[in-house]
Amino acid sequence: MRNIKQQDAAVAEILAAEDVRQAEGLELIPSENYVSRAVMEALGSSMTNKYSEGYPGKRYYGGQENTDAIERLAISRACELFGAKYANVQPLSGAPANIATYFALLEPATADKPGDTVLGMDLSHGGHLTHGHPVTAMTKVFNFVRYGMKDVATGEIDYDELREIALRERPKIILAGFSAYPRNLEYEKFVEIAREVGAITVMDAAHIAGLIAGGALPSPFDAGFDIMTTTTHKTLRGPRGGMILVREDEALAEKINKQVFPGLQGGPHMNTIAAKAVAFGEALDPSFADYAEQVIANASVMADVFTEHQIRLITGGTSNHLIVADVYGSLGLTGQEAETLLDAAGITVNKNVIADDTRKPLDPSGIRFGTPAITTRGCTEDACRRVAETMVLVLKKEMTPETAREVIKELALEHPIPESFI
């Protein structure tokens, strides 16, 4: 940060403090990760200076030979990584990717009729705001209906109910995917129901894209899904951004391209697209498969620790990278209280609603945590067990946050962020 220190001491001081926080603490928010130095360099490259409205070969400004090359490379790598025929790498994040997909496939509400219908997962059962929560703007434009779990203890989706809703509501999109669901989805059942009602299948893989790319979890495309939206950070370990993949339908891909630009966005962030290309290249390396498998193994161990201490887990455990714990029902702590206690110990989690939560979202019954970032630090099962045991002791108030912080600092020193990532 030599130049920042010389030019803007105030910003440099804050950035340095964040470097220390990340180095000495442990990030357990499952949507967070560390990016490589190569990704960072691409984000800070000269590509940030260039406006590039349009698509490769069809730009509105001149001087695009290098932006075209980097976007084509990112598209090629994304398609190879996920087994898709088409990819749009311009979405600024996951929410814009979902919104562009909706507008590409659905007719919006008018004064005379409601908008087309999307069937997605209920937020409290693990879905995402963009899947139709009433506070979002999209619910004023399109009609969202929701499915959920049949059994919160196991996480089993109620596919019979899903089919009944689909037959009744005739959605144009059946949307899979989640932000706080610790189990795997039966993609074939989504496809079977969608074909019965003539719907398009969309998987929001924002949380598990890296696990799919690494082969640790199955791909929805293998089951016949039409479209996959995703962020490029989280488990994919790239820059903050979004992407839309189309398995094979060129007409769908063309509709999506038109909605991303000029329908929703202006000039793409070419520095981010360059960083996406770098991250996709990293994920194509065979070592990334080992990383993805370790993420899941680490999460399983942490879930086991919480279960051993009789802390209730939503779905009874995890099959992916994240865990949702009912700390209010198990320990009498609200999610906010638990988050604050663990923050003081140098462990970063997020408060989270649980299925059919009676508490408010800003002070819910649960916490959500996961293993992508600590796995990047080289943590394996033994270290993750120690982290989980420390968390439990803090939450049960059998260890002070101050004492726990020293334990966490020691763990962080044993498993530093790799030099190639800082």
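The values are calculated or read from the model by the stated rules, or taken from the named source; none is laboratory data. No experiment lies behind these values; they were computed from the predicted model shown. Using ideal geometry, Cβ is built from the backbone for each residue, glycine included, and neighbour counts are taken over all protein chains shown.
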Going through (1) without any contact (Cβ under 8 Å) to a residue 40 or more places away in the chain; (2) assigned to a helix (DSSP H, G or I) one by one, V260 fails only at (1)
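When segment 396-422 is examined, which residues are found to be assigned to a helix (DSSP H, G or I) and within 26 Å of the chain's Cα centre (by Cα)?
Once the filter is applied, which keeps residues that are assigned to a helix (DSSP H, G or I) and within 26 Å of the chain's Cα centre (by Cα), segment 396-422 yields I408, L411, A412, E419, S420, F421.
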Of everything in segment 93-117 that's outside any helix (DSSP H, G or I) and of a type in the set (G, A, S), which residue is surrounded by the fewest Cβ atoms within 10 Å (Cβ to Cβ)? A111
May I ask you to say which residue of G210, G120 is crowded, with 22+ Cβ neighbours inside 10 Å, in a helix (DSSP H, G or I) and not β-branched (V, I, T)? G210
Any residue in segment 244-255 that is under 7 Å from A84 (Cα atoms) sitting within a Cβ distance under 6 Å of a residue that is part of a helix (DSSP H, G or I)? List the pairs, counting only those 6 or more apart or interchain. L245/F82; V246/L252; V246/A253; R247/F221
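Go through segment 284-384 and tell me which strands (runs of 3 or more DSSP E), entirely inside it, have 1 or more residues that are within 27 Å of D151 (Cβ to Cβ) and free of Cβ contacts under 8 Å to residues at least 12 places away in the same chain.
none
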Enumeration of residues in segment 108-128 that are without any contact (Cβ under 8 Å) to a residue 40 or more places away in the chain and not charged (D, E, K, R): P108, A109, T110, A111, P114, G115
Among (1) in contact with a Leu (Cβ under 6 Å, 6 or more places away or on another chain); (2) not in a loop (DSSP other than H, G, I, E, B), there is one condition A10 misses while meeting the rest; what is its number? (1)
State whether the residues of segment 393-402 include one that is surrounded by fewer than 18 Cβ atoms within 10 Å (Cβ to Cβ), out of contact with any helix residue (DSSP H, G or I) (no Cβ under 9 Å at 6 or more places or on another chain), not aromatic (F, W, Y) and not assigned by TED's automatic domain parsing to the domain that holds L123. no
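Can you work out which of the residues in segment 312-332 that are surrounded by fewer than 20 Cβ atoms within 10 Å (Cβ to Cβ) and more than 23 Å from the chain's Cα centre (by Cα) is nearest to K409 (Cα to Cα)?
Filtering first and then ranking leaves L331.
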Tally time: how many residues in segment 24-51 are over 22 Å from the mean Cα position of the chain (by Cα) and assigned to a helix (DSSP H, G or I)? 6
Can you list residue pairs whose Cβ atoms sit under 6 Å apart, with the first residue in segment 89-107 being under 15 Å from M228 (Cβ atoms) and the second being among the basic types (K, R) and surrounded by 24 or more Cβ atoms within 10 Å (Cβ to Cβ)? Count only pairs 6 or more apart in sequence or on different chains. V89/K276
Go through the residues of segment 223-232 one by one and say whether even a single one is of a type in the set (F, W, Y), at pLDDT below 95 and outside any helix (DSSP H, G or I). no
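For the structure I just gave you, tell me whether T272 is within 23 Å of A42 (Cα to Cα), touching a residue at least 60 places away in the same chain (Cβ under 8 Å), surrounded by 24 or more Cβ atoms within 10 Å (Cβ to Cβ) and under 13 Å from the mean Cα position of the chain (by Cα).
Judged against the criteria, T272 is not a match.
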Condition first: out of contact with any Leu (no Cβ under 6 Å at 6 or more places or on another chain), of a type in the set (G, A, S) and over 19 Å from T358 (Cα atoms). Now tell me which residues in segment 110-133 satisfy that. A111, G115, G132
Here are some residues: A12, A87. Which one is in contact with a strand residue (DSSP E or B) (Cβ under 7 Å, 6 or more places away or on another chain), surrounded by 16 or more Cβ atoms within 10 Å (Cβ to Cβ) and modelled with pLDDT of 95 or more? A87
Determine, yes or no, whether R72 is part of a helix (DSSP H, G or I), within 30 Å of G224 (Cβ to Cβ) and of a type in the set (K, R). yes
Out of curiosity, is Y61 farther than 19 Å from G281 by Cβ, free of Cβ contacts under 8 Å to residues at least 12 places away in the same chain and over 27 Å from the mean Cα position of the chain (by Cα)? yes
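Please determine whether any residue of segment 355-362 is among the hydrophobic types (A, V, I, L, M, F, W, C), surrounded by 20 or more Cβ atoms within 10 Å (Cβ to Cβ) and outside the structural domain of F82 (by TED's automatic domain parsing).
Within segment 355-362, one or more residues are among the hydrophobic types (A, V, I, L, M, F, W, C), surrounded by 20 or more Cβ atoms within 10 Å (Cβ to Cβ) and outside the structural domain of F82 (by TED's automatic domain parsing).
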Any chance E161 is within 30 Å of A373 (Cα to Cα), surrounded by fewer than 20 Cβ atoms within 10 Å (Cβ to Cβ), out of contact with any helix residue (DSSP H, G or I) (no Cβ under 6 Å at 6 or more places or on another chain) and assigned by TED's automatic domain parsing to the domain that holds D249: no
